[in-house]
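Colleague: My questions will all concern the structure given below.
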Amino acid sequence: MQTVNTEQELIVTTVRNFVDKEVIPVASAMEHRNEYPHALVEQMKEMGLFGLSVPEEYGGVGVDTTTLARIFEEVARGWLGLSGIIGSHAVMADVVARFGTGDQKKRFLPGIASGEKRGGICLTEAAAGTDLQNIGTTATRDGAVYRVNGSKLWITNARYGNTFLLLAKTDAAAEPRHRGMSAFVFEKGAAGMTVSRDIDKLGYKGVETCELHFDNFPVPVENLIGGVEGQGFKQVMTGLEAERLNVAARGLGIARAAFEEAIKYAQQRMTFGKPIAEYQTIQNKLADMATNIEASRLLIYSAAEKRDRGERCDLEAGMAKLFATETAASVSFEAMRIMGANGYSKDFPVERYYRDAPLVVIGGGTNELQRLIIARNLLKKYASKL
Ligand SMILES: Cc1cc2nc3c(=O)[nH]c(=O)nc-3n(C[C@H](O)[C@H](O)[C@H](O)COP(=O)(O)OP(=O)(O)OC[C@H]3O[C@@H](n4cnc5c(N)ncnc54)[C@H](O)[C@@H]3O)c2cc1C
């Protein structure tokens with residue numbers, strides 16, 4: 001494992017303490033009420049958690065990817081919804097920091113780092129999720145602005161956020177389709193953009209996920225990421241590589257929380273005169289859960305280290321995302337089984353982990369897509385020469 005520097009270690013410890021003291025005591029009740037955690041967001045701003053992916057020269061913390069993953073693990077261990085508030089925001093920050101013009105970095109990154117400008121990513125549409133190149137939203141040049149028309153669906157942070165990354169078509173006729181796609185950073189304010197609906201979800205509550213409509217919404221020309229049309233798909237895909245790792249780490253957080261609840265419970269719950277932890281059936285479950293959690297962690301760190309060396313890590317990030325999030329789903333269900341009826345009760349947090357886990361399986365690129373990415377990379381790596 002990569003050694004993290006003292007400053008970054010301190011951030012992880014600070015976040016861990018924050019989660020233990022401030023988040024865990026209130027998370028289940030707020031999640032059940034689907035209540036937005038305004039006060040916790042203010043604390044996250046003070047801790048610099050909106051600037052994790054922003055370089056120090058622009059006021060951010062600029063942590064390495066391993067540290068980023070450890071922070072996401074800690075926050076998601078407390079409450080997945082809270083990690084969602086900084087999750088897609090971090091992807092937006094990453095894309096602006098990597099591909100923005102000097103002027104865009106100066107105008108946006110300090111506010112993104114402080115959380116004054118915060119939001120997420122507007123990619124998905126009703127007919128374009130996995131097949132992102134099928135988006136229908138257009139951005140048409142009109143003097144000093146682009147006019148955006150279309151709808152976006154499943155946009156996290158859309159109601160309380162104010163600044164977003166948008167993927168739109170600047171050339172709807174381009175072939176291949178991705179050549180006609182451009183990315184923009186935009187702020188709310190001008191007429192023509194409405195948040196029309198908050199989607200009612202199984203889990204991932206507290207944080208809002210919404211439908212957006214754009215009707216001739218003006219985005220200044222100088223907000224086209226990198227200043228050149230047709231680069232958006234590539235820019236967004238690079239950001240999604242980072243997102244895969246933060247979603248993997250969120251899965252790890254859920255799995256760890258569920259496991260810790262289950263192993264505590266197993267030592268206290270008595271049946272037939274002894275703690276259930278003494279039965280081999282339960283021990284086998286605990287052993288498998290912990291082994292999968294440890295394997296998830298190592299896959300995430302291995303991919304994160306590769307990314308920090310400046311190398312592409314599609315294969316490794318795909319494997320980490322696939323394994324860690326499937327582990328979140330299986331461990332939260334096993335924890336529920338170990339806790340019997342109490343696992344099914346809202347008096348314990350395991351039902352919440354169980355409802356939250358599917359989001360990490362679907363979000364950040366579905367796990368079916370991860371398998372395709374993994375296989376594609378393997379076939380490239382092991383291409384047989386005829
Ligand atoms: C709670 C939540 C929050 C979200 N937040 C955001 C956000 O902030 N911003 C944003 O832009 N999006 C967001 N999303 C959307 C998310 O990224 C998409 O849901 C995801 O990419 C899948 O797209 P889809 O739902 O359209 O499924 P589809 O693409 O329709 O897929 C349906 C099924 O078919 C499978 N499938 C599709 N194509 C293939 C293929 N070629 N081979 C094999 N299987 C395939 C998929 O894996 C899936 O199982 C969010 C989603 C959720 C649930």
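Colleague: Looking at this structure, is Ile282 assigned to a helix (DSSP H, G or I), closer than 21 Å to Phe259 by Cβ, within 21 Å of the chain's Cα centre (by Cα) and more than 16 Å from the ligand (Cβ to nearest atom)? Don't jump to the end; show me each part of the working.
Modeller: Working: assigned to a helix (DSSP H, G or I): yes; closer than 21 Å to Phe259 by Cβ: yes; within 21 Å of the chain's Cα centre (by Cα): no; more than 16 Å from the ligand (Cβ to nearest atom): yes.
No.
Colleague: Now for a separate question. With Ser196, Ser182 as the choices, which residue is touching an Asp or Glu at 6+ places or on another chain (Cβ under 6 Å) and surrounded by fewer than 15 Cβ atoms within 10 Å (Cβ to Cβ)? Talk me through it step by step, then tell me what you get.
Modeller: Details: Ser182 fails: surrounded by fewer than 15 Cβ atoms within 10 Å (Cβ to Cβ).
Just one listed residue meets the conditions, Ser196.
Colleague: Just to be sure, is Glu187 within 16 Å of the ligand (Cβ to nearest atom), on the phi < 0 side of the Ramachandran plot and not basic (Lys, Arg)? Outline the logic, then answer.
Modeller: Values: within 16 Å of the ligand (Cβ to nearest atom): no; on the phi < 0 side of the Ramachandran plot: yes; not basic (Lys, Arg): yes.
For Glu187, the condition - within 16 Å of the ligand (Cβ to nearest atom), on the phi < 0 side of the Ramachandran plot and not basic (Lys, Arg) - is not met.
Colleague: Look at Val63 and say whether it is buried (at least 20 other Cβ atoms within 10 Å of the Cβ), in contact (Cβ under 8 Å) with a residue 12 or more places away in the chain, within 17 Å of the chain's Cα centre (by Cα) and more than 22 Å from Thr209 (Cα to Cα).
Modeller: Numbers: buried (at least 20 other Cβ atoms within 10 Å of the Cβ): yes; in contact (Cβ under 8 Å) with a residue 12 or more places away in the chain: yes; within 17 Å of the chain's Cα centre (by Cα): yes; more than 22 Å from Thr209 (Cα to Cα): yes.
Spelling it out, Val63 is indeed buried (at least 20 other Cβ atoms within 10 Å of the Cβ), in contact (Cβ under 8 Å) with a residue 12 or more places away in the chain, within 17 Å of the chain's Cα centre (by Cα) and more than 22 Å from Thr209 (Cα to Cα).
Colleague: Which members of the range 358-376 meet the condition of being under 11 Å from the mean Cα position of the chain (by Cα) and either part of a loop (DSSP other than H, G, I, E, B) or modelled with pLDDT under 95 (or both)?
Modeller: Passing the criteria: Gly363, Gly364, Gly365.
Colleague: While we're on this one: If you go through the range 50-84, how many residues are within 16 Å of the ligand (Cβ to nearest atom) and farther than 25 Å from Ser28 by Cβ?
Modeller: 1
Colleague: For the range 375-382, does any single residue satisfy the condition of being more than 16 Å from the ligand (Cβ to nearest atom) and free of Cβ contacts under 8 Å to residues at least 60 places away in the same chain?
Modeller: Within the range 375-382, one or more residues are more than 16 Å from the ligand (Cβ to nearest atom) and free of Cβ contacts under 8 Å to residues at least 60 places away in the same chain.
Colleague: Just to verify a result, which residue in the range 122-137, among those that are in contact with a strand residue (DSSP E or B) (Cβ under 7 Å, 6 or more places away or on another chain) and within 7 Å of the ligand (Cβ to nearest atom), is farthest from Leu369 (Cα to Cα)?
Modeller: Cys122
Colleague: Determine, yes or no, whether Lys274 is farther than 30 Å from Glu74 by Cα and surrounded by fewer than 22 Cβ atoms within 10 Å (Cβ to Cβ).
Modeller: Criteria met by Lys274.
Colleague: Is it the case that some residue within the range 154-162 is over 19 Å from Gly87 (Cα atoms), more than 8 Å from the ligand (Cβ to nearest atom) and modelled with pLDDT of 95 or more?
Modeller: In the first step, residues of the range 154-162 are kept if they are over 19 Å from Gly87 (Cα atoms); the result is none.
There is no residue in the range 154-162 that is over 19 Å from Gly87 (Cα atoms), more than 8 Å from the ligand (Cβ to nearest atom) and modelled with pLDDT of 95 or more.
Colleague: Is the range 79-86 home to any residue that is at pLDDT 95 or above, surrounded by fewer than 24 Cβ atoms within 10 Å (Cβ to Cβ) and in contact with a strand residue (DSSP E or B) (Cβ under 7 Å, 6 or more places away or on another chain)?
Modeller: No, the range 79-86 contains no residue that is at pLDDT 95 or above, surrounded by fewer than 24 Cβ atoms within 10 Å (Cβ to Cβ) and in contact with a strand residue (DSSP E or B) (Cβ under 7 Å, 6 or more places away or on another chain).
Colleague: From the list Lys106, Lys169, which one is of a type in the set (D, E, K, R), within 16 Å of the ligand (Cβ to nearest atom) and under 25 Å from the mean Cα position of the chain (by Cα)? Before you say what the answer is, go through the steps one by one.
Modeller: Numbers: Lys106 fails: within 16 Å of the ligand (Cβ to nearest atom).
Exactly one residue qualifies, and that residue is Lys169.
Colleague: Something else about it: Which one is surrounded by the fewest Cβ atoms within 10 Å (Cβ to Cβ) among residues in the range 199-224 that are within 11 Å of the ligand (Cβ to nearest atom) and hydrophobic (A, V, I, L, M, F, W, C)?
Modeller: Among residues in the range 199-224 that are within 11 Å of the ligand (Cβ to nearest atom) and hydrophobic (A, V, I, L, M, F, W, C), the one surrounded by the fewest Cβ atoms within 10 Å (Cβ to Cβ) is Leu202.
Colleague: If you don't mind, another one. Return a yes/no flag: does the range 350-359 have any residue that is in the same structural domain as Thr271 (by TED's automatic domain parsing) and away from the ligand (no atom under 16 Å from the Cβ).
Modeller: Going residue by residue through the range 350-359, those that are in the same structural domain as Thr271 (by TED's automatic domain parsing) are 350-359.
Checking which are away from the ligand (no atom under 16 Å from the Cβ) leaves us with 350-351.
Scanning the range 350-359 turns up at least one residue that is in the same structural domain as Thr271 (by TED's automatic domain parsing) and away from the ligand (no atom under 16 Å from the Cβ).
Colleague: Kindly indicate whether Gly115 is of a type outside the set (Phe, Trp, Tyr), surrounded by fewer than 22 Cβ atoms within 10 Å (Cβ to Cβ) and at positive phi. Reasoning before the result, please.
Modeller: Details: of a type outside the set (Phe, Trp, Tyr): yes; surrounded by fewer than 22 Cβ atoms within 10 Å (Cβ to Cβ): yes; at positive phi: yes.
In short, yes.
Colleague: Related question: Test Val95 against the criterion of being part of a helix (DSSP H, G or I) and touching a Phe, Trp or Tyr at 6+ places or on another chain (Cβ under 6 Å), and give yes or no. Outline the logic, then answer.
Modeller: On the way: part of a helix (DSSP H, G or I): yes; touching a Phe, Trp or Tyr at 6+ places or on another chain (Cβ under 6 Å): no.
Criteria not met by Val95.
The values are calculated or read from the model by the stated rules, or taken from the named source; none is laboratory data. Given the structure is predicted, the values throughout are model-derived calculations rather than measurements. Don't worry about glycine lacking a Cβ; one is built from the backbone with ideal geometry, like all the others, and counts go over all protein chains shown.
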